[in-house]
Amino acid sequence: MKSELVKPTHLARKAVVYIRQSTPHQVVSNQESLRLQYALCQRARELGWHEADIDVIDADLGMSGASAAQRSGFKELVGRVGLSEVGLILSIDVTRLARNCSDWYPLLDICGLRCCLIADRDGVYDPGSPNGRLLLGLKGTISELELHTIRSRLTAGLLAKAERGELALTLPVGFIRDPSGVVTKDPDMAVQERLGLVFQMFLKFRTVAKVMRVLNDRRLDLPRRDRHGDLHWTRATISSVGVILKNPAYAGAFVYGRTRMRELAREGASRAKAPRAFEDWRIIVKDRYPAYVDWPTYEMICNIIKDNRAEYMRIKTRGAPRDGDLLLHGIAWCARCGHKMYVRYKGGGQYVCNHLRSNEGLPACQYVRAPRVDEVVADAFLTALAPAELDALSQARRAQQQVDGALRTSTERQLERLRYAAALAERQFNRVDPDNRLVAAELERRWETALSEVRAAEETINQQCSPQSIVQMGIGKGLQDKVISLAGRLPHIWADAATTDAQRKALLRCLVDKVVLDRGERDVALARIVWRGGAVTNLEVKLKVNSVAKLTRGMEMRDRVLDLVNDGTPDDKIAAVLTAEGHRSPNCETEVLPTTVQRIRRGAGLKAAEPHRRWLHEASLLSPPELAARLNIPVNWLYVQIRQKRLLIDRQSTGGYLFPDIPSVLDSIRRLRNHAIDHIDLRICQPH
C-alpha cells in the first residue's frame with residue numbers, strides 16, 4: 001500500500017530498515033519480534049522501493065535504546081540521513097529508534113531538514129510537517145515515559161526481594177547455592193579453611209599487604225572463580241585479599257547497593273560503577289548466609305583497613321604502622337591549628353605542622369623535636385600497660401600459636417589437594433591410548449607439572465617444620481621465649497633489638513588514639529595523650545636547648561651558681577646542689593653538668609674555689625679513678641657509659657660514684673669494655 005507522502009525524490013534515495021532488540025536475551029528468545037522487524041523490507045517494497053535500494057541496519061541488536069552513546073547503528077543512520085542518502089526510515093515502532101528524547105528530537109530535526117520520511121507499523125510520517133512532527137513527538141515522549149515505567153516496575157520488584165534478602169546475587173567464592181536456593185558454605189574444606197585463615201591472619205597482622213606476603217611466603221594460594229564460575233587457585237595479591245576481607249557476605253550479611261553508577265567525564269564514555277561508603281549501603285540483611293566471621297568483627301576489619309590508608313588530610317586516617325624511628329608517625333596532631341603533623345627525619349627527627357604553609361602560604365605552625373617526645377610517650381604507655389602486662393603477653397602468644405596452627409593446617413590441606421591433582425593426572429595419562437601421541441604428550445606434561453607442584457609443597461612444609469627455620473612473623477621465636485620467661489619486663493622487650501619499629505607503633509596504637517603536641521615556650525613542650533576510650537593524660541616534655549638563657553629557669557640557675565661560687569663551693573658540688581634543686585643543663589634533661597657551672601662561672605669572670613679533699617670511702621668500694629687504674633681503662637670511658645645508661649649505678653650522697661670491689665663487678669665491667677655484654681645494672685650490686 002502506497003502513501004501520498006512518498007514522492008519521487010524519496011524513491012530516488014535509499015530506504016533503511018532499522019532493527020534493534022534491547023538485550024542479548026531478547027535476541028535469542030524473542031524470535032517473533034525479530035522476524036517482524038526484518039519483514040519491514042516487504043513494507044518498503046510496497047511503498048515503491050526496489051529490492052536493491054533497501055538497506056537493513058541491525059548492528060544494535062542486544063543494545064538498549066536508553067542512550068545512543070554505544071549504538072553504532074543509530075549513529076550510522078543519523079549520518080546517512082545528514083548526507084541525504086536516506087528517503088525513508090522504517091522501524092517496527094518508535095521505541096526501536098530511541099527511548100530518549102535527547103536522541104529522538106535531533107533525529108526528527110535532521111529528517112525534517114533533509115526531507116526524510118519515518119514509517120512504523122501504524123503509518124508514514126513526515127517530520128517536516130506540523131502534524132507529522134506532532135505525532136512523532138508524542139510517540140517519542142510516550143516511549144521515554146514507557147522506559148521509566150518499565151524501570152520503576154522492575155526496580156520496585158527487585159528492591160522488595162532485596163529487602164527480604166532473597167535476591168539471588170552472584171555469590172563469592174566459599175559459598176554455593178543448592179537447587180532449592182539455600183546458600184551454604186562450599187563443601188571443599190580447603191576453601192573454607194583458607195578463607196578463615198585470611199581473616200585470622202588479618203586480625204593478627206592488621207594489614208592487607210602483610211597477609212598477602214605471608215601467604216606467598218608460605219606458597220598458600222587463594223581460591224578464586226573465573227568468568228565461567230569455575231573454582232581455581234591463584235597466587236595471593238593485595239586486591240584478592242582485600243576483596244575477601246571487605247565482602248560482607250563472609251559476615252553472613254546480604255547487602256544490596258554497595259556501588260552506584262557514576263558518569264565519566266570523557267565524552268562518549270559509558271557510566272562506571274563507584275563504591276559507596278559503608279554507611280550509605282542501601283539494604284543490609286544480616287544472618288542470611290553462613291558466616292565465616294561475625295558482624296562486629298567484620299566492622300572492625302573495615303575500620304582497620306580504612307584507618308590504614310595514609311590519607312592524613314582528607315579522611316584523617318593514621319596509616320598502617322611502618323618502619324621508622326619516629327614513634328608517633330600518623331597519630332601526632334598539632335595543638336595550635338588542629339591538623340595532622342608530618343614526620344621529618346632530617347635533623348634528628350621532628351614532628352612538623354606544615355599544613356598552613358603548604359595550603360595557604362603561611363609560615364609553618366610549629367615543629368617539635370621527636371626523640372624526647374617519643375621517650376616520654378613510650379614511658380607513659382608502658383606505665384599504663386604494666387598492670388595488664390602478663391595478660392597482654394599471654395594473649396599475644398596464644399594468638400601467635402593459633403595463627404601458626406592455622407597456617408600449618410592450611411599448608412597440609414594444600415598439599416593434599418595437589419596430591420589429588422597429581423593422582424588425577426596420572427589416571428588420565430594411564431587411560432589414554434599410547435599410540436595417540438598428541439593427547440598422551442599433553443597429559444604427560446600435565447602429570448609432570450602436578451608432580452613438580454607436589455614436590456615444591458613438600459619442600460616448603462619440610463623447611464617450615466625444620467628446627468633451624470625461624471618464622472619471621474609477628475614476634476620471633478627468641479622473643480616468644482622471653483615472653484614466657486620474663487615477668488614484668490615489658491620495657492626490656494620494648495627496647496629489644498628483635499622488636500621492630502612497626503611492631504612498637506602497632507603496640508602503641510592499641511591504647512593510644514592520638515597525641516596532641518604543643519611546642520610551648522623555651523625548653524618545655526606539652527604532649528596530651530588521648531587514650532582509647534577518651535581518657536586524657538597531659539605531659540610536660542623537657543627539650544634540649546643550646547644555651548642557659550633559653551632554659552625556663554635559666555636566669556635563676558645562673559644567679560644560684562654565682563652565689564655558690566662566691567661562697568667557695570667547687571664546681572662539681574655546685575652541679576650536685578643544682579641537680580637536687582631541679583635545675584638542668586641546656587643539653588641534658590635530668591641533671592646539671594659541672595661543665596655548665598664552669599661556663600657560667602667563667603662568663604662572670606669568677607675563679608674556681610679551691611677543690612676539697614676527696615671524700616673518704618670504705619675499703620671495699622672503688623672510686624672511678626681507682627677502678628680505672630685497677631682495670632687499666634680510661635676513667636672518661638666510665639663516665640660515658642654512665643651517661644649513656646649502659647652502666648647503671650646510683651650516685652652517692654656526696655655526688656660521686658662508688659663501685660663494689662668484688663670480682664663479679666670487675667669481670668662484668670671488663671666484659672662491657674670488650675663488648676661482650678650490652679649493659680650492666682649495679683643498682684642492686686649484681687650484673688644484669
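The values are calculated or read from the model by the stated rules, or taken from the named source; none is laboratory data. Everything numeric here is computed off the predicted structure, so don't read it as measured data. As a convention, Cβ positions derive from the backbone with ideal geometry for all residues, glycine included, and neighbour counts pool all protein chains shown.
Things to note:
- Which numbered condition T596 fails, given (1) at pLDDT 80 or above; (2) surrounded by fewer than 19 Cβ atoms within 10 Å (Cβ to Cβ); (3) outside any loop (DSSP other than H, G, I, E, B): (2)
- Just so you know, in segment 618-641 the residues that are part of a helix (DSSP H, G or I) and of a type in the set (S, T, N, Q) include one that is surrounded by the most Cβ atoms within 10 Å (Cβ to Cβ), and it is Q641.
- Spans of helices (runs of 4 or more DSSP H) in segment 189-269 with at least 1 residues under 30 Å from L158 (Cβ atoms): 189-205, 238-246
- Against the list (1) under 21 Å from the mean Cα position of the chain (by Cα); (2) modelled with pLDDT of 90 or more; (3) not β-branched (V, I, T), the condition W281 fails is (2).
For every residue, the table says whether it meets (1) in a helix (DSSP H, G or I); (2) of a type in the set (A, V, I, L, M); (3) touching a Leu at 6+ places or on another chain (Cβ under 7 Å).
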{"site": "R96", "(1), (2), (3)": "yes, no, no"}
{"site": "P106", "(1), (2), (3)": "yes, no, no"}
{"site": "I118", "(1), (2), (3)": "no, yes, yes"}
{"site": "V124", "(1), (2), (3)": "no, yes, yes"}
{"site": "G132", "(1), (2), (3)": "yes, no, no"}
{"site": "K139", "(1), (2), (3)": "yes, no, no"}
{"site": "I142", "(1), (2), (3)": "yes, yes, no"}
{"site": "R151", "(1), (2), (3)": "yes, no, no"}
{"site": "L159", "(1), (2), (3)": "yes, yes, no"}
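- Test: S152 is in contact (Cβ under 8 Å) with a residue 40 or more places away in the chain, polar (S, T, N, Q) and more than 30 Å from V243 (Cα to Cα): no
- Segment 487-541, residues that are of a type in the set (D, E, K, R), at negative phi and not in a strand (DSSP E or B): R489, D496, D501, R504, K505, R509, R519, E521, D523, R532
- Residue tally, condition acidic (D, E) and either at pLDDT 80 or above or more than 19 Å from the chain's Cα centre (by Cα) (or both), over segment 312-349: 1
- Of all residues in segment 423-439, those satisfying the criterion of being in a helix (DSSP H, G or I) and either modelled with pLDDT under 80 or touching a Ser or Thr at 6+ places or on another chain (Cβ under 9 Å) (or both) are A425, R437, L438, V439.
- Residue within segment 356-368 that is at pLDDT below 85, of a type in the set (S, T, Y) and exposed (fewer than 15 other Cβ atoms within 10 Å of the Cβ) present: yes
- Boolean, T569 is over 58 Å from the mean Cα position of the chain (by Cα) and touching a residue at least 24 places away in the same chain (Cβ under 8 Å): yes
- Whenever a residue of segment 505-534 is at pLDDT below 85, its partners that are of a type in the set (K, R) and surrounded by fewer than 15 Cβ atoms within 10 Å (Cβ to Cβ), lying with C-beta atoms within less than 6 angstrom and at least six residues away or across chains, give the pairs L511/R532; D513/R532; R522/K550.
- Those residues of segment 418-436 which are crowded, with 18+ Cβ neighbours inside 10 Å and among the basic types (K, R), in sequence order: none
- Condition check for I92: free of Cβ contacts under 8 Å to residues at least 40 places away in the same chain and on the phi < 0 side of the Ramachandran plot: no
- V352 falls short on exactly one of the conditions (1) outside any loop (DSSP other than H, G, I, E, B); (2) closer than 24 Å to G324 by Cβ; (3) at pLDDT below 80, and that condition is (3).
- Neighbours by Cβ (under 9 Å, 6+ apart or cross-chain): first from segment 578-589, in contact (Cβ under 8 Å) with a residue 12 or more places away in the chain and closer than 14 Å to V541 by Cα; second surrounded by 14 or more Cβ atoms within 10 Å (Cβ to Cβ) and polar (S, T, N, Q): R584/T596; P586/T596; N587/T596; C588/T596
- Search result, residues across segment 535-546 that are at pLDDT below 80 and touching a Leu at 6+ places or on another chain (Cβ under 9 Å): V545
- Index of the failed condition, L83 passing every other in (1) more than 18 Å from T141 (Cβ to Cβ); (2) aliphatic (A, V, I, L, M); (3) surrounded by 14 or more Cβ atoms within 10 Å (Cβ to Cβ): (3)
- One residue from A236, A253, A249 being assigned by TED's automatic domain parsing to the domain that holds M189, more than 17 Å from the chain's Cα centre (by Cα), at pLDDT 90 or above and within 27 Å of G319 (Cα to Cα): A249
- The requirement of being within 27 Å of L145 (Cβ to Cβ) and either buried (at least 22 other Cβ atoms within 10 Å of the Cβ) or without any contact (Cβ under 8 Å) to a residue 40 or more places away in the chain (or both) is not satisfied by A69.
- In the set (1) surrounded by 14 or more Cβ atoms within 10 Å (Cβ to Cβ); (2) modelled with pLDDT under 85; (3) assigned to a loop (DSSP other than H, G, I, E, B), G568 fails one condition alone, (1).
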